[in-house]
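K.L.:
Before we start, here is the structure in question, set down as structure tokens.
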Amino acid sequence: MTAPQTSFIHLNNKQDTMNAERFRITVVGFRKKQQNLIEVANGHEHYLIVLFYDPVRLSALREAELCAPNSLVIYEPHGYRYYGNTEHPWSHSWFRCSGTELDDFVREMQLPLHTALTLPNPLIFEKYLLDIDQEIIRQTKPSTLLLRNFLFNCLFELKRSIEAEQTPEAVPQPFLELKSYIELNYCQKITLEELVSHIHMSAQYVCRKFKFHFGVTPIDYAIRLKMQLAAALLRDHHMPIKSIASEVGVPDVYYFSKLFKMHFGTAPGQYRASIPHGRTKME
């Protein structure tokens, strides 16, 4: 069972004109679902940093190849862009951003451009994307410093996680499969006993090794995914909190509120109240 899909697109119309040349984020998009091909011959004047959740055809040289799920691609300004899939629906999240500081950071970090990088933990990308979105929609004058730090930290963490996957201590296949199983089923009730039954190892060993590879225990990872989806669903002011709790697999509203506050530092109702009406496009 896949997680329910919700999406939004925000245009950042509250630009800091004094610092725009150094750094600016113009668009934030989250889990946009479509079924088409996109081709831009000369690109745009901004970077496009995009996470594809599903296999899509990618090409920088007009010879499209199908990428793996959870692939990150950084398109440089004015570069050729071709991506999509007409055979199956696909979803993606993205930033459009530009600036001399971003140019310097991309060069310094030696981030590969126009290359599909499979993310071991796409949750990192989504966490920072939501942080950036909240800064944009909550603040009358979003902080350029905060937005820049969010994006740069996101790219740094993603690069480090990708490099860690390429070391000799790569994650064993059973734990990769367990992680994928959680990502596909986290909206259902998941128990540790059920998870360990899939790889036939002791619960203590699974928790210890899963945390070693991914930074959290299997159950904590599932809860993080639940709360992240809940935060996205709360942007729809018409959806009752009780329905959201049920949607993410925590039907006890009191327990859901407790978990949400532990993760975001505020109750679900307060979190929703901080998001202005009419600023979120739900798809």
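K.L.:
Using θ = phi - 60° and the Karplus curve 6.51 cos²θ - 1.76 cosθ + 1.60, what whole-Hz ³J(HN,Hα) does each residue of the stretch 15-31 get, with Gly and Pro shown as x?
P.N.:
Going residue by residue, I get 6, 8, 5, 5, 10, 4, 5, 7, 6, 7, 10, 9, 9, 10, x, 10, 6 Hz, with x marking Gly and Pro.
K.L.:
Report ³J(HN,Hα) in whole Hz for each residue of the stretch 219-232, in order, from the Karplus equation J = 6.51 cos²θ - 1.76 cosθ + 1.60 where θ = phi - 60°; Gly and Pro get x.
P.N.:
Computed from phi, the couplings for the stretch 219-232 are 5, 5, 5, 4, 5, 4, 5, 4, 5, 5, 5, 4, 4, 5 Hz.
K.L.:
Could you tell me the distance between the Cα centroids of the stretch 211-228 and the stretch 70-117, to the nearest Å?
P.N.:
Comparing the Cα centres of the stretch 211-228 and the stretch 70-117, I get a distance of 26 Å.
K.L.:
Over 21 Å between Cα atoms, which of LYS159/LYS261; LYS159/LYS189; LYS127/LYS261; LYS127/LYS189 qualify? Don't jump to the answer; show the numbers that get you there.
P.N.:
Numbers: LYS159/LYS261 30 Å; LYS159/LYS189 32 Å; LYS127/LYS261 16 Å; LYS127/LYS189 23 Å.
Long pairs (Cα-Cα over 21 Å): LYS159/LYS261; LYS159/LYS189; LYS127/LYS189.
K.L.:
Calculate the tail of P(r) for the chain: the fraction of all Cα-Cα distances greater than 28 Å, expressed in %.
P.N.:
Details: 15916 of 39903 pairs.
Within the chain, distances greater than 28 Å cover 40 percent of Cα pairs.
K.L.:
Considering amide H positions built from the backbone, and no H for Pro or chain starts, which residues 5 or more places from HIS114, or on another chain, come under 5 Å of its amide H?
P.N.:
So HIS114 has HN proximity to ILE74, TYR75, GLU76.
K.L.:
Would you mind ranking HIS46, HIS114, HIS237 so that the residue whose beta carbon has the fewest other beta carbons within 10 Å leads the list? Walk me through the numbers before you get to the answer.
P.N.:
Working: HIS46 20, HIS114 17, HIS237 13.
Going from least to most buried by this count: HIS237, HIS114, HIS46.
K.L.:
For the chain, set up a Gaussian network in which alpha carbons nearer than 10 Å are linked by springs, and say which option among HIS200, HIS263, HIS92 fluctuates the most.
P.N.:
HIS200
K.L.:
So, one more: So between TYR255 and ARG22, what do we pick up on full extension, going 0.36 nm a residue minus the alpha carbon distance?
P.N.:
That pair, TYR255 and ARG22, stretches by 79.5 nm at full extension.
K.L.:
Roughly what percent of Cα-Cα pairs across the stretch 173-273 reach past 15 Å?
P.N.:
Values: 3066 of 5050 pairs.
It works out to 61 percent of all Cα pairs.
K.L.:
Right, another one. Just want the ordering: LYS33, LYS242, from fewest to most Cβ atoms lying within 10 Å of their own Cβ. Before the final figure, lay out the partial values.
P.N.:
On the way: LYS33 14, LYS242 11.
By the 10 Å Cβ count, ascending: LYS242, LYS33.
K.L.:
Can I ask one more? What is the set of long-range amide H partners of VAL56 at a cut-off below 5 Å, with H atoms built 1.01 Å from backbone N?
P.N.:
Amide H to amide H, under 5 Å and 5 or more residues apart or across chains, VAL56 pairs with CYS67.
K.L.:
So if each residue of separation counts as 0.36 nm, and I subtract the Cα-Cα distance between ALA68 and ALA203, what length gain in nm does that give? Please report the intermediate quantities before stating the final value.
P.N.:
Values: separation 135, 0.36 × 135 = 48.60 nm, distance 3.00 nm.
Net length gain for the segment: 45.6 nm.
K.L.:
So how far apart, in nm, are the two label points at LEU11 and GLN139 if each is 7 Å from Cα heading toward Cβ?
P.N.:
For the pair LEU11/GLN139, the computed spacing is 2.2 nm.
K.L.:
If you don't mind, another one. Summing -39500 (n - 2.57) over the DSSP H runs of n ≥ 4 in the chain and dividing by its residue number, what mean residue ellipticity at 222 nm do you reach, to the nearest 500 deg cm²/dmol?
P.N.:
Values: 10 runs with 122 residues, N = 283.
Only helices count here, giving -13500 deg cm²/dmol.
K.L.:
Can you pull out the trypsin sites (Lys or Arg not before Pro) in the stretch 57-111 that DSSP calls coil and that have at most 12 other Cβ atoms within 10 Å? Display every interim value, and only then the final one.
P.N.:
Numbers: sites: ARG57, ARG62, ARG81, ARG96, ARG107; in loops: ARG62.
For trypsin sites (Lys or Arg not before Pro) across the stretch 57-111 that sit outside H, G, I, E and B with at most 12 neighbouring Cβ atoms in 10 Å, the list reads ARG62.
K.L.:
Name the residue from PRO240, PRO120, PHE264 whose Cα lies farthest towards the positive end of the charge dipole of the chain, charges +1 on Cβ of Lys and Arg and -1 on Cβ of Asp and Glu.
P.N.:
PRO240
K.L.:
Grab every C-alpha pair in the stretch 8-165, bin the distances at 10 angstrom width from 0 up to the longest one, and report whole percents.
P.N.:
11, 42, 37, 10, 0
K.L.:
Stretched out fully, how many nm does the piece from MET239 to LEU192 gain, at 0.36 nm a residue minus the Cα gap?
P.N.:
Value of the extension gain: 13.9 nm.
FYI, it's all coordinate maths here, none of it is from the lab. What you are looking at is a predicted structure, and each value in this text was computed from that prediction instead of being measured. Note that each Cβ is placed from the backbone with ideal geometry, even for glycine, and that neighbours are counted across all protein chains shown.
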